[in-house]
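Visitor: Can you read through this structure? Questions will come right after.
The values are calculated or read from the model by the stated rules, or taken from the named source; none is laboratory data. The shown structure was predicted, so the numbers you read here are calculated from the model rather than taken from an experiment. All Cβ positions, glycine included, derive from the backbone under ideal geometry; neighbour counts span all protein chains shown. These area figures cover heavy atoms from the full protein model, side chains too; ligands, DNA and RNA do not enter into them. Shrake-Rupley method; radii C 1.70, N 1.55, O 1.52, S 1.80 Å.
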Amino acid sequence: MSYLFVCSLALVGLTAATLVACGGSEEEKTTAKAETTADVINWKMVTTWPKNFPGLGTAAEDLAKNITAMSNGRLTVKVYAAGELVPALEVFDAVSRGTAQMGHGGAFYWKGKAPAAQFFSAVPFGFTAQEMNSWLHYGGGLKLWEETYAPFNLIPMAAGNTGVQMGGWFNKEINSLADFQGLKMRLPGLGGEVLKKVGGTPVNLPGSEIFTALQTGTIDATEWVGPYNDLAFGLYKAAKFYYYPGWHEPGSTMEALYNKDAFEALPEDLQLIVRAATRQVNADMLDEFTARNNTALETLVNEHNVVFKAFPREVLIALKNASAETLEEVAAADPMSQKVYDSFKAFNSKVRAWHEVSERAYINARELE
Ligand code: CA
């Protein structure tokens with residue numbers, strides 16, 4: 001990327017520092033020019049998302065663009081959608097062995113590699129987006145995530161959050177827990193383990209395969225993300241009933257994976273740029289989903305006649321109890337999972353106590369008449 005191009009971008013942003021830099025002395029310009037002609041590092045990013053998929057795929061694209069622009073082109077990132085370089089569910093291995101230097105996806109896909117990974121994407125009846133980010137960045141969660149991925153030569157970072165997801169698409173009504181008996185549902189991660197406990201069969205499919213599986217009856221139900229993404233996938237054409245809330249994914253964190261050798265070989269300033277760009281996309285995705293979900297939900301209900309329903313109270317209570325048992329079992333089966341779950345539980349009790357008198361008290365207060 002040319003120096004002039006970056007300066008024209010900076011002028012749009014109009015910060016004092018960049019204006020000084022762009023209008024700087026000849027000496028400064030020469031220095032900046034020299035940097036752009038220095039060795040350029042080219043990275044590949046593999047993702048679990050279809051090309052330019054709204055919210056998730058576009059976040060990966062934005063992350064790549066931001067790293068390239070923020071580094072003034074010293075570190076360029078080329079994005080590969082699922083299947084372009086490696087299939088969606090091989091992203092973890094591809095970055096681990098260095099086929100690509102980075103990846104973007106969701107940690108719940110890797111439970112077969114590292115069971116503890118699931119706790120860093122979504123925990124049924126667990127953290128909201130706000131709580132998840134607090135645990136990761138100020139409650140020790142990220143350190144444990146790094147420890148979980150270290151044996152795979154990977155450095156993880158939070159790189160997006162969808163907020164509370166939807167309960168999913170079903171081809172029949174869910175009136176009691178018995179309706180989950182024998183139900184084949186695309187439901188990855190810990191939510192899938194809970195489904196198993198209540199008699200269903202979880203299926204782990206990447207996004208690109210969901211629509212066909214649901215339409216052909218290979219699966220009876222699926223969850224994906226929320227209205228904004230689900231509308232884009234056309235899931236309303238394959239199942240009639242749309243349930244809320246997404247008890248299984250209350251604040252799903254997306255991840256950026258970095259090959260440890262590639263990351264550590266970067267000079268310190270580029271490492272900081274990568275961290276800052278990743279943190280930015282982590283916040284930005286939540287903003288986008290929060291802004292767009294309700295409009296998409298209105299389209300689904302008003303234009304596509306989706307039957308939109310809340311899970312019955314008894315069903316949610318049963319799923320909550322099954323989740324608590326599942327989490328204890330998953331943790332007990334693996335020492336790293338137990339360590340992560342202990343940290344999760346300790347933070348959970350504190351953050352819930354705080355949110356009782358802050359978020360919940362405020363949301364209740366603003367509904368008063
Ligand atoms: Ca989901």
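Visitor: Return a yes/no flag: does segment 247-258 have any residue that is within 15 Å of the ligand (Cβ to nearest atom) and free of Cβ contacts under 8 Å to residues at least 40 places away in the same chain. Steps first, please.
Guide: So the first thing to find is which residues in segment 247-258 are within 15 Å of the ligand (Cβ to nearest atom), and the list is 247-255.
From what is left, the residues that are free of Cβ contacts under 8 Å to residues at least 40 places away in the same chain are none.
No, segment 247-258 contains no residue that is within 15 Å of the ligand (Cβ to nearest atom) and free of Cβ contacts under 8 Å to residues at least 40 places away in the same chain.
Visitor: So Lys240 clears everything in (1) over 24 Å from the mean Cα position of the chain (by Cα); (2) within 16 Å of the ligand (Cβ to nearest atom) except one condition, right? Which one?
Guide: (2)
Visitor: Just checking, does segment 270-289 include any residue being under 20 Å from Thr58 (Cα atoms), out of contact with any strand residue (DSSP E or B) (no Cβ under 7 Å at 6 or more places or on another chain) and within 15 Å of the ligand (Cβ to nearest atom)?
Guide: yes
Visitor: Moving on. Restricting the first residue to segment 215-236 and requiring it to be within 12 Å of the ligand (Cβ to nearest atom), which pairs with a second residue that is hydroxyl-bearing (Ser, Thr, Tyr) meet a Cβ separation below 6 Å and a spacing of at least six or different chains?
Guide: As it stands, the answer is Val225/Thr162, since those pairs meet every condition given.
Visitor: Check whether at least one residue in segment 204-211 is under 30 Å from Ser96 (Cα atoms), open to solvent by 50 Å² or more (accessible area, probe 1.4 Å), within 16 Å of the ligand (Cβ to nearest atom) and assigned to a loop (DSSP other than H, G, I, E, B), and report yes or no.
Guide: The answer is yes; a qualifying residue exists.
Visitor: Look through segment 158-203, keep the residues that are β-branched (Val, Ile, Thr) and open to solvent by less than 10 Å² (accessible area, probe 1.4 Å), and return whichever of them is nearest to the ligand (Cβ to nearest atom). Show your work before the answer.
Guide: Taking segment 158-203 as the starting set, the residues that turn out to be β-branched (Val, Ile, Thr) are 162, 164, 174, 194, 198, 201, 203.
From what is left, the residues that are open to solvent by less than 10 Å² (accessible area, probe 1.4 Å) are 162, 174, 194.
Details: Thr162: 7, Ile174: 17, Val194: 13 Å.
Looking at residues that are β-branched (Val, Ile, Thr) and open to solvent by less than 10 Å² (accessible area, probe 1.4 Å), I get Thr162.
Visitor: Restricting attention to segment 77-89, which residues are free of Cβ contacts under 8 Å to residues at least 40 places away in the same chain, crowded, with 17+ Cβ neighbours inside 10 Å and more than 16 Å from the chain's Cα centre (by Cα)?
Guide: Across segment 77-89, the qualifying residues are Val77, Val79, Tyr80.
Visitor: Which one of Leu266, Leu272, Leu214 is crowded, with 24+ Cβ neighbours inside 10 Å and over 15 Å from the mean Cα position of the chain (by Cα)? Break it down stepwise before answering.
Guide: Numbers: Leu266 fails: crowded, with 24+ Cβ neighbours inside 10 Å; Leu272 fails: crowded, with 24+ Cβ neighbours inside 10 Å.
Only one candidate qualifies: Leu214.
Visitor: Any residue that is open to solvent by 60 Å² or more (accessible area, probe 1.4 Å), assigned by TED's automatic domain parsing to the domain that holds Ile155 and in a helix (DSSP H, G or I) - is there at least one of those in segment 241-260?
Guide: Of the residues in segment 241-260, the ones open to solvent by 60 Å² or more (accessible area, probe 1.4 Å) are 244, 260.
Subset that is assigned by TED's automatic domain parsing to the domain that holds Ile155: 260.
Okay, now just the ones that are also in a helix (DSSP H, G or I), so 260.
Checking segment 241-260: at least one residue is open to solvent by 60 Å² or more (accessible area, probe 1.4 Å), assigned by TED's automatic domain parsing to the domain that holds Ile155 and in a helix (DSSP H, G or I).
Visitor: Continuing with the same structure: Which one is farthest from the ligand (Cβ to nearest atom), of the residues in segment 115-157 that are buried (at least 21 other Cβ atoms within 10 Å of the Cβ) and in a loop (DSSP other than H, G, I, E, B)?
Guide: Gly139
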